[in-house]
Amino acid sequence: MATTSIDRNAKQFVLTVQDYALFAFRAFRNLFTPPVYWTDFLLQSDIIGVGSLVIVVLSGFFTGCVLALQSAATLEAFGATSVTGRFVALSMIRELGPVLTGIMVSGRNASSMASELGSMVVTEQIDAMRALGVDPMRKLVTPRIFACISMLFFLTILANACGILGGAAVTVFLNHQNATQYFSMAWESLRLRDILQGLVKPLFFGYIIASIGCFNGMKTTGGTEGVGRSTIQAVVWSSVLIIFADYLISQVMLSLF
Amino acid sequence: MNRILIPEQAGHGTAPAPDAGPVVAVRGASVAFDGPPVFEDVSFKIAPGETRILLGPAGSGKSVLLKLVNGLVSPYTGTVTLFGIDITRLREELLFPLRARTGMVFQEGALFDSLTVRDNVAYQLIQEEVPDEEIDARVREALSFVGLEETFAMYPASLSGGMRRRVAIARALIHEPELLLYDSPTGGLDPVTSNTIIELIGKQRDVYRTPSLLVTHRLQDAFTLCTHRFDPAQDRMVPLPRGTTDPNTTFLMLGEGHLIFDGSLHEFLHSEDSFVREFLA
């Protein structure tokens, strides 16, 4: 009995992965064949980009603050508090900026995509769209995916900048160190490979967030309860996959440079 | 601009000629999801100008059969032909142009709740980038057809159930469909609103002769459509002479996983099938 259950769940998992792969591929391919709904792309860019601005700025700023606080305490033991700027800048740009921004945007947008599309599925609005001769993949999914990729890219840059500023605020006002020293250490330590790593990650994370959010939304079954389930799955899976993808990309980037 | 109200402009130019083949032909279709079949071996046709009323108890697969007709659901056996094209294994991208030629009214209306009534009704026209002035004029015509001109700028959330169905009918009609599919358009509505909707369906049938498939479990609606015709002069349904019925309005009945009846009102009323007798009782 238990073996049957494991067998069924394993098959279900493989089928879901297969469905997701096909779904994500189709959504990506749609951008290069007409019709492309540019108005929906701009609308989603506004919802995802402008809508996530506050949470990204705040989370980036306070992450930088915490990094500066924690690192200064440790670095002081080695008499190296002057490298706080370097520590904060590298940590933010290479890892924390992209990952935290991805997770914040995932919490806000993967959930909203899954619940919005899920509600449309259970109220037959998706079927109505198909019956009206409009492809929901092109109209709803592709614009969200590309809006999320492009907006996450810029949001990450903003989060990095806010993080470095947050670190500076703590370093200057709480640790009473020199601002010029902080910024020059941050600037001098940065290499192209660090910046590349920080900018490549959000492209993948944006794709993960929107494709997982839309996939869970479009596969919703079971009425309003199903919408809740899809929303949870979208946030959980996109967050886990962001961290997993972060590991893979870091591994590849470190081996390349 | 009178695309809704003037018959010559109501899509008859593109509708199948009377001697053309069936608009819809379903042959030996069986549908199943994750479990036992919803129905098996279902075959029927819809001829040009014909209205078919699909009856059956709740859960018998009527809505699924309706979705089968325009390819929203695929059969695991059998074939479905729409406008002479076999859509059984047609790719989704190729189905969209065919679906755009049909109008479908969903059970609860399925209006897009983030769009106004105007944008809901004009959905297809907006996708086709029709100029705004023309869209406004055509939406007003369509809304006037269903008697809801005043809802133009409203959102679906502020409409009653009956009004939502009528907006859904306007949305289905605005693109001058060559086939109409109604999924329980009067389900859960009060008798007065139900009569208004049946009158609209009768008007579309008798004025524009658009072939249609109407799903319902309300015998009263089915009999009204069969025994009445729309009189444009009086702008309402009037009874046909006693003993006569509309020859182009016929019945289908789903039950126990099969199509158990296909015929006229007279044959339906005199059927010996125990399931039909029980349904009529």
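None of the figures in this text is laboratory data; all of them are computed from the coordinates on show. These figures come from a predicted structure and were not determined experimentally. Reconstructed Cβ throughout: ideal geometry from the backbone, glycine too, with neighbour counts over all protein chains shown.
Excluding B:I198 itself, calculate the net charge of residues whose Cβ lies under 10 Å from the Cβ of B:I198, where each Lys or Arg counts +1 and each Asp or Glu counts -1. List each step's numbers first, then the result.
Numbers: positive: B:K203, B:R218; negative: B:E199, B:D221.
Spelling it out: positives minus negatives among the neighbours equals 0.
Given only helices, namely DSSP H runs of n ≥ 4 each adding -39500 (n - 2.57), what is the per-residue ellipticity at 222 nm of the protein assembly as shown, to the nearest 500 deg cm²/dmol?
Taken over the protein assembly as shown, the calculation gives -17000 deg cm²/dmol.
Can you pull the one-decimal nm distance between simple spin-label points at B:V207 and B:A157, each 7 Å off the Cα toward Cβ?
3.3 nm
Please state, to two decimals, what the Cα-based radius of gyration of chain B comes to when divided by 2.2 N^0.38 Å (N = residues).
For chain B, the normalised Cα radius of gyration comes out at 0.97.
Taking region A:182-257, which trypsin sites (Lys or Arg not before Pro) meet the DSSP loop condition and have no more than 11 other C-beta atoms within 10 Å?
A:R191
List the residues whose amide H sits under 5 Å from the amide H of B:R236, counting only those 5 or more places along or on another chain, with H placed 1.01 Å from N in the peptide plane.
B:D231
Taking 22 Å as R0, compute the FRET efficiency from the Cβ-Cβ separation of A:V17 and B:E92 and round it to 0.05.
In this case the efficiency is close to 0.55.
Just tell me the longest site-free run in chain B, where the sites are trypsin sites (Lys or Arg not before Pro) in a DSSP loop having at most 12 other beta-carbon atoms within 10 Å.
Answer - B:92-241.
Taking θ = phi - 60°, what integer Hz values does the Karplus form 6.51 cos²θ - 1.76 cosθ + 1.60 yield along region B:25-35, in sequence order, with x for Gly and Pro?
Here the 3J(HN,Hα) series is 9, 10, 10, x, 7, 10, 10, 9, 10, 8, x Hz.
Compute the Cα gyration tensor for region B:96-186, then decide on rounded, prolate or oblate, letting a ≥ b ≥ c be the square roots of its eigenvalues: rounded whenever a/c is under 1.5, prolate when a/b is larger than b/c in the other cases, and oblate in all that remain.
oblate
How would you rank B:T224, A:T156, going from fewest to most other Cβ atoms within 10 Å of each one's own Cβ?
Ranking B:T224, A:T156 by Cβ neighbours within 10 Å, fewest first, gives B:T224, A:T156.
Once whole DSSP H runs in chain A are found, which of them have Cα atoms spread over 24 Å or more along the helix axis and a mean Kyte-Doolittle score of at least 0.0?
Those that pass (Cα extent of 24 Å or more, hydropathy at least 0.0) are A:2-29, A:53-77, A:142-169, A:192-218, A:223-256.
Under a no-solvent Debye model with one identical scatterer per Cα of region A:37-256, what's log10 I(q)/I(0) at q = 0.11, 0.13, 0.17 Å⁻¹?
-0.58, -0.75, -1.07
Just flag the GluC sites (Glu not before Pro) in region B:200-281 sitting in loop per DSSP whose Cβ has no more than 15 other Cβ atoms within 10 Å.
Sparse-neighbourhood loop GluC sites (Glu not before Pro): B:E256, B:E272.
Considering only A:H176, A:L43, A:A24, whose Cα is most displaced toward the positive end of the charge dipole of chain A, charges sitting on Cβ of Lys, Arg (+1) and Asp, Glu (-1)?
Highest projection toward the positive end goes to A:A24.
Specify the inter-centroid distance of region A:1-55 and region A:73-138, based on alpha-carbon positions, in whole Å.
14 Å
Using modelled backbone amide H atoms (1.01 Å from N, in-plane), which distant-in-sequence or interchain residues come within less than 5 Å of B:V42's amide H?
Hits under the 5 Å cutoff: B:G28, B:A29, B:S30.
Given charges of +1 on the Cβ of Lys and Arg and -1 on the Cβ of Asp and Glu, with all other atoms neutral, how large is the dipole of chain B about its Cα centre, in debye to the nearest 20?
280 debye
Between B:S274 and A:R193, what is the label-point separation in nm under the 7 Å Cα-to-beta-carbon projection?
It works out to 8.2 nm between the two label points.
Sort A:S52, B:S114, A:S119, A:S5 by Cβ crowding within 10 Å, fewest neighbours at the top.
Lowest to highest Cβ neighbour count: A:S5, B:S114, A:S119, A:S52.
Per 0.36 nm of contour for each residue apart, how much would the distance between A:E95 and A:V66 grow if the chain were fully extended, relative to their Cα-Cα spacing?
Additional length available on full extension: 9.0 nm.
In whole Hz, what ³J(HN,Hα) sequence does region B:266-279 give by Karplus (6.51, -1.76, 1.60; θ = phi - 60°), x for Gly and Pro?
Once θ is set to phi - 60°, the couplings for region B:266-279 become 4, 5, 5, 5, 10, 5, 8, 4, 5, 5, 5, 4, 5, 5 Hz.
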